[in-house]
Amino acid sequence: MIYRETGTFITSYIEDRKLFPIPFDKWAMALFMLFMVFVIPFIASDYWLAAHLIPILAYGTAALGLNLLTGMTGQLSLGTAGFMCFGAFFTFNIMLRSPEWMNLPLALMLAGTVTGVIGIIFGLPSIRIKGFYLLVSTLAAQYFALWFFRSYPYFLNYATATVTLPDHHFDLFGIGETFDVDMASFEAKYLLSLGIVTALALFAKNLMRSATGRNFMAVRDMDIAASVIGIPVIRTKMLAFFVSCFYCGVGGALFCYAYLQVLGIRTFEMNRSFEILFMVIIGGLGSIAGSFYGTILVYEFPILFSWAGDYIFKGAFDTAVVDNVAKIMYGILIIALLIREPGGLAALWATAKQKLRTWPFPH
Amino acid sequence: MKTKIWITGIAMATAMAVTAPPVMAEGEVYIPMPVYRVGPYATGGTGYFGGIIDYYTLMNMTEGGVGGMKIIWNECETNYNDQKGVECYHRQKEFQGKPALFFDPLSVGISTSLVAQGRKDKIAIIAVNHGRTEGQRGDVFPYYFMPGINTYDEHSIITAYIGQLEGGMENLAGKKITLLFHGSTYGREAVEFTHMLCEKHNCSSEAIEVPHPGNEQTSQWLKIRRSKPDYVVLRGWGVMNPVAMQTGVRMGFPISNLIGNIWSNDDGDVKPAGSSANGYQAITTHPTGRVASVIDEIVEKLYDQGMGDLEDKSRIGSNYWNLGVMAGVIHLEAVRVAQARFGPDVNSAQVRWGFENLNLDTARLTELGANGLVPEIKTNCMDHVGGHQAKFMRWVYAETKWEVASDWIDGDVELSQAIIDAKAENAVANEGITPRDCNDPAQRDDFEV
C-alpha cells in the first residue's frame, strides 16, 4: 500500500537504474531532506542540534566509512578511531597553517584525502592476510595515530592536551561577516555536517552501484574467484581502504569541529573504534543506510535511558543504577536483535518495507 | 535513509512533548549536577558530588536555600567521558524552564571542552583545584574558574615540599624526579611544567604516562626501577592510584618518596592499597575528617536522620567528600556575592561575576562554619584561582587516617605566571578571543562579558 509499485512502468534502462524507482520513496526522501534542511535548524533547540543531530551525522560518516571497508569489501578493521584522529588533526593543521582563503569544507576534503593515503599504507597487510589477522594489523593504525600525535606536539600547535577550535575556522567565503550570521552557531555547523554527510552518502550509494562497487563486493564474497574473473584484487582492496579512510577522516574532523569544538587525542581512543564497529554491525553490514540506523541506535540508546531516568522516574533512581541498567538492556537488545536478524537494522527495515508493500492485503 | 524519517520524527515529537516545561515555582535557583557514579573514577564522582549535594541539601534545610532561593538540581551521568559530558551540558543548560547558574563537571576534559561554549552561553565553567591552567587569566577566559589551586601551583608546591624533605631547595640539585601521570588531558597538563620546575632547581626530570584507566602499571614501574629517580610524583586518578602504590612497593620503591598530587589523595585511593600505602604523602587544599562545624551539621541533620547522599557512611570526612563540601561552599558563596549586588534572582552571568569576586577570608569562613575546611580564596578579574597554597598529609595505615605533614606552602606563582601568560596569549591569537581590560573598572565590573 505504502511502497506501491503498481502503476510505475519502467520503460528504459536508465529509469530502471534510478536511485529511487518507487515514486513514494522518492517523494518521502525529498520531503525528509527538505525537512532536515529547512525546518530542523529553525525548530530544533541547541540541545537537539549539538547533542543529537550533529554527533549522529559525524559518527554516521565514520560508520559509513567502516561499512564500506568491512561490509562492502569484507576487510575487517579496528583502526577507525585512529583514522578519525588523522582526519581531525590534519583538518585542524590545514586550517591553522593555510592562508586566508582556505575554508573548512575544502580542508575536510584535503584532510580526508591524506587520511585515505595513510589508510592505504595501513591497508597494505590486507594483500597477504585476511579476517582476524587483518583486524589485529589494523589495530596498529589505532595505536600509531595516538602515538604519533602525542609524540609530535607540533600537530596540536604545542598545546598541552586539547585545543579549542576557533570560531573563525567556520567562516565560509566571508559569508559570516557579510550577512552578519554566526557561522559557528550550531545551526550552521549542523547544515555544514548535513551537507557533507549527504554528499558523501550519495557518493557511497552510487559507488556501490558502479563497477567499482561490484568489484568491492566480489572481493568480499571470494577474493580468489574475483581474481579469476579478472578483478584487480589488490587495487580494489587498496581503493577500499582509501575510500573508507577518507570517510573516517572526514567523520573524525566533523566530530571535533562540529560536535566537541575541541581537538584532543583522548577523543580517539580504542573504545571509539569498537563503538563504530558496533554501529556498523547493528546497523547492517554492507548497507549505507544501515550505517546511520546503527549510529542512531548505539548513540541514542544510553541517552534515551538516562533521559527516561530523569523525566519519567524524576530522579527516583540513582544515576548509577540507571546507567548500569542501560548497559544491561543495551547488551540484551543487541543479542536479541542479532539473533532475530543477523543482517542488522537495515535487514529489519527491508523486511518491514516488503510488508508495507502489500499492506493491508498481504495475500 | 528512510527509517531516519520515522526515528527522528518520533524521537523529536516525544522529546518536544515531554520537555515542554512545567512552570517552576518562584524563588528557586537551578544548578546542574554532572555526576559520575559508575566507572573507574566513581570514587571521585560519588565523593565530590555527594559532598556538594549534601551541602546544598543542608542549606535548603537550614537557610531555605541560598539568599532565600531554594536550590534545585538534577543529575546527569557523565562517566567522566568528555563526549557524554558535553551532551550532559547541553541537556542540563536548562531545567524546567530555569537556566543553569554554572556548570561544575569535575573533569579537565569536560571543562576544557566547554570553555568556548560556556562563554557563548554565558555560563561559568567551574573546575575546583584543576583545569586548563591558563584559565586563571580571567581577562582572556572570563567564564572559566579554578577556585583553589591550579595545576602549576600544585606541582610547584610539591617540588617545594620535596625541597623541604631534602632539607632545602638547594639540595634538589642533582636529584631526579619522575612524574607518573594519567594518560588524559588532566594528566598531561603537568608534564611541561614539571620539566620547567626541575630546570629551575637543577634537578633532572622525567615524565611517564600511564594509559587510562591505569589498572596495569608493571611496565611503567620497571622503567622507574631502571632510571632510579629519587622521587616519584603520582598524578593519578581513580583506580590508577592504589595500583601505583602497590606496584611501586612491590618493585621496591620506597613509599615515602612517592608523593601524590591533588587527585591521588582520597581515602578511597589509599585504602585499597592496604599496608603498601603506609607513609604515602599527598598534597591537599583541605584537611580530611570532621574538621569544620558545617560537616558536623551535615552529619547531624542529614546522615543521622537517614538522609545524605553517600551510601557508605564511612566516607564522611574522606578527602573527595570534603572537597565536595568545599566546592559547595565556594559555589554558594559565589551565588551570595552575586545576590548581594544583583538581588536574589540572579542569572548565570551575574553568578560569574560572583565567582570573580569571591573573598573567602577566615572571618567569612568562620561565619559559614567552614573555617578549617576551605582554604582562603580571593579571586579577581586577573586571577580566577585565588588560593595558590596547599598542605601535605601522610597516610597512617594503622589508624586508617591522614595526618597533617606540613604547614601551608605557597605555589611558585612567579614561575607559573610566565607560562600562563604565554599560553593565554597563544589562546588570544589562535582562538579568536578578545580579552577585556581588567584595569578598566567599567569592563571589570560589567558582569555580562
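Only residues in segment A:166-195 that are under 24 Å from A:Ser45 (Cβ atoms) count as the first member; pair them with residues that are among the charged types (D, E, K, R), Cβ under 6 angstrom, at least 6 apart or cross-chain, and list the lot.
Taking only residues 6 or more apart or on different chains, the pairs are A:Met183/A:Asp171; A:Ala184/A:Asp167; A:Phe186/A:Asp46.
Within segment A:72-89, does at least one residue satisfy the condition of being within 14 Å of another protein chain (Cβ to nearest Cβ), in a loop (DSSP other than H, G, I, E, B) and on the phi < 0 side of the Ramachandran plot?
For segment A:72-89, residues within 14 Å of another protein chain (Cβ to nearest Cβ), in a loop (DSSP other than H, G, I, E, B) and on the phi < 0 side of the Ramachandran plot: absent.
For segment A:73-100, give me each residue that is buried (at least 24 other Cβ atoms within 10 Å of the Cβ) and aliphatic (A, V, I, L, M).
A:Ala81, A:Met84, A:Ala88
Inspect segment A:27-47 for any residue being hydroxyl-bearing (Ser, Thr, Tyr), within 10 Å of chain B (Cβ to nearest Cβ) and buried (at least 18 other Cβ atoms within 10 Å of the Cβ) and give the result as yes or no.
Taking every residue of segment A:27-47 in turn, at least one turns out to be hydroxyl-bearing (Ser, Thr, Tyr), within 10 Å of chain B (Cβ to nearest Cβ) and buried (at least 18 other Cβ atoms within 10 Å of the Cβ).
What is the number of the single condition among (1) on the phi < 0 side of the Ramachandran plot; (2) free of Cβ contacts under 8 Å to residues at least 60 places away in the same chain; (3) within 12 Å of another protein chain (Cβ to nearest Cβ) that B:Val108 does not meet?
Going through (1) on the phi < 0 side of the Ramachandran plot; (2) free of Cβ contacts under 8 Å to residues at least 60 places away in the same chain; (3) within 12 Å of another protein chain (Cβ to nearest Cβ) one by one, B:Val108 breaks only (2).
For segment B:150-179, which residues satisfy the criterion of being under 18 Å from B:Val210 (Cβ atoms), more than 12 Å from chain A (Cβ to nearest Cβ) and touching a Ser or Thr at 6+ places or on another chain (Cβ under 8 Å)?
B:His155, B:Ile177, B:Thr178, B:Leu179
Which numbered condition in (1) buried (at least 20 other Cβ atoms within 10 Å of the Cβ); (2) away from every other protein chain (no Cβ under 12 Å); (3) polar (S, T, N, Q) is the only one that A:Asn103 fails?
Only one criterion is unmet by A:Asn103, namely (1).
Quick check, is A:Ala111 small (Gly, Ala, Ser) and crowded, with 17+ Cβ neighbours inside 10 Å?
Taking the combined requirement at face value, the residue satisfies it.
For A:Ile229, are the conditions met, namely being within 23 Å of A:Leu348 (Cα to Cα) and either modelled with pLDDT of 95 or more or not hydroxyl-bearing (Ser, Thr, Tyr) (or both)?
Here the answer is no, as A:Ile229 does not meet what is asked.
Could you please give the count of residues in segment B:35-77 that are assigned to a loop (DSSP other than H, G, I, E, B), within 24 Å of B:Gln96 (Cα to Cα) and out of contact with any Phe, Trp or Tyr (no Cβ under 9 Å at 6 or more places or on another chain)?
4
Could you list, ordered by first residue, the pairs with Cβ atoms under 8 Å in which the first is in segment A:349-363 and farther than 20 Å from A:Gly294 by Cα and the second is part of a helix (DSSP H, G or I), at least 6 apart or interchain?
Taking only residues 6 or more apart or on different chains, the pairs are A:Pro362/A:Lys355.
Whether any residue in segment A:144-155 is crowded, with 23+ Cβ neighbours inside 10 Å and in contact with a Lys or Arg (Cβ under 9 Å, 6 or more places away or on another chain) is what I want to check.
Checked segment A:144-155: no residue is crowded, with 23+ Cβ neighbours inside 10 Å and in contact with a Lys or Arg (Cβ under 9 Å, 6 or more places away or on another chain).
Filter the helices (runs of 4 or more DSSP H) completely within segment A:199-304 down to those with at least 1 residues that are surrounded by fewer than 20 Cβ atoms within 10 Å (Cβ to Cβ) and within 14 Å of chain B (Cβ to nearest Cβ).
Result: A:270-283.
Show me the helices (runs of 4 or more DSSP H) found entirely inside segment B:83-175 where at least 1 residues are touching a helix residue (DSSP H, G or I) at 6+ places or on another chain (Cβ under 9 Å) and over 27 Å from B:Ile409 (Cα atoms).
So the answer is B:108-113, B:115-121.
Quick check on segment A:344-351. Is at least one of its residues surrounded by fewer than 13 Cβ atoms within 10 Å (Cβ to Cβ), modelled with pLDDT of 85 or more and farther than 30 Å from B:Gly50 by Cβ?
Looking for residues that are surrounded by fewer than 13 Cβ atoms within 10 Å (Cβ to Cβ), modelled with pLDDT of 85 or more and farther than 30 Å from B:Gly50 by Cβ, one finds at least one in segment A:344-351, hence yes.
Read through the list (1) of a type outside the set (Ser, Thr, Tyr); (2) modelled with pLDDT of 90 or more; (3) surrounded by fewer than 24 Cβ atoms within 10 Å (Cβ to Cβ); (4) farther than 20 Å from B:Arg315 by Cα, then give the number of the only condition that B:Arg235 fails.
For B:Arg235, the exception is condition (3).
Please list, ordered by first then second residue, the pairs with beta carbon atoms under 8 Å, 6 or more apart or interchain, first in segment B:41-63 and at pLDDT 95 or above, second polar (S, T, N, Q).
Between residues of segment B:41-63 that are at pLDDT 95 or above and residues that are polar (S, T, N, Q), the close pairs are B:Gly51/B:Asn322.
Looking at (1) in a helix (DSSP H, G or I); (2) touching a Phe, Trp or Tyr at 6+ places or on another chain (Cβ under 8 Å); (3) under 28 Å from A:Ile282 (Cα atoms), which one does A:Ala111 not meet, given that it meets all the others?
(3)
Here's a check for you: in segment B:89-126, which residue that is of a type in the set (A, V, I, L, M) and farther than 23 Å from B:Gly432 by Cα is nearest to the chain's Cα centre (by Cα)?
Ranking the candidates gives B:Leu106 first.
Could you grab me the full set of residues in segment B:180-207 that are within 13 Å of chain A (Cβ to nearest Cβ), within 16 Å of B:Gly260 (Cα to Cα) and not in a loop (DSSP other than H, G, I, E, B)?
Matches in segment B:180-207: B:Phe181, B:His182, B:Tyr186, B:Gly187, B:Arg188, B:Val191, B:Thr194, B:Ala207.
Just name the residue that is farthest from the chain's Cα centre (by Cα) out of those in segment B:413-430 that are of a type in the set (Val, Ile, Thr) and under 15 Å from B:Glu192 (Cβ atoms).
B:Ile419
Looking only at segment A:21-35, which residues are in a loop (DSSP other than H, G, I, E, B) and either modelled with pLDDT of 85 or more or of a type in the set (Val, Ile, Thr) (or both)?
A:Ile22
Among the residues of segment B:407-419, are any small (Gly, Ala, Ser), under 26 Å from A:Val163 (Cβ atoms) and assigned to a helix (DSSP H, G or I)?
Within segment B:407-419, one or more residues are small (Gly, Ala, Ser), under 26 Å from A:Val163 (Cβ atoms) and assigned to a helix (DSSP H, G or I).
Suppose we keep only residues that are within 28 Å of B:His286 (Cβ to Cβ) and within 14 Å of chain A (Cβ to nearest Cβ) within segment B:401-449. Which one would you say is surrounded by the most Cβ atoms within 10 Å (Cβ to Cβ)?
Per the criteria, the residue is B:Ser416.
Residue by residue, here is whether (1) assigned to a loop (DSSP other than H, G, I, E, B); (2) at pLDDT 95 or above; (3) over 23 Å from B:Ile149 (Cα atoms); (4) in contact with a Pro (Cβ under 9 Å, 6 or more places away or on another chain) holds:
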position: B:Pro287; (1), (2), (3), (4): yes, no, no, no
position: B:Arg290; (1), (2), (3), (4): yes, no, no, no
position: B:Tyr320; (1), (2), (3), (4): no, no, no, no
position: B:Ala340; (1), (2), (3), (4): no, no, yes, no
position: B:Pro344; (1), (2), (3), (4): yes, no, yes, no
position: B:Glu367; (1), (2), (3), (4): no, no, no, no
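Could you look through segment B:360-374, keep only residues that are closer than 30 Å to B:Ala418 by Cβ and in contact with a helix residue (DSSP H, G or I) (Cβ under 8 Å, 6 or more places away or on another chain), and pick out the one that is surrounded by the fewest Cβ atoms within 10 Å (Cβ to Cβ)?
Only one residue tops the list, namely B:Leu360.
Might you let me know whether segment A:161-170 holds any residue that is away from chain B (no Cβ under 11 Å) and under 23 Å from A:Thr61 (Cβ atoms)?
No, segment A:161-170 contains no residue that is away from chain B (no Cβ under 11 Å) and under 23 Å from A:Thr61 (Cβ atoms).
Restricting segment B:64-78 to residues that are touching an Asp or Glu at 6+ places or on another chain (Cβ under 7 Å) and at the interface with chain A (Cβ under 9 Å from one of its Cβ atoms), which is surrounded by the fewest Cβ atoms within 10 Å (Cβ to Cβ)?
B:Asn74
The values are calculated or read from the model by the stated rules, or taken from the named source; none is laboratory data. This is a predicted model, so every value here is computed, not measured. Quick reminder, even Gly has a Cβ in these numbers, built from the backbone with ideal geometry, and neighbours come from all protein chains shown.
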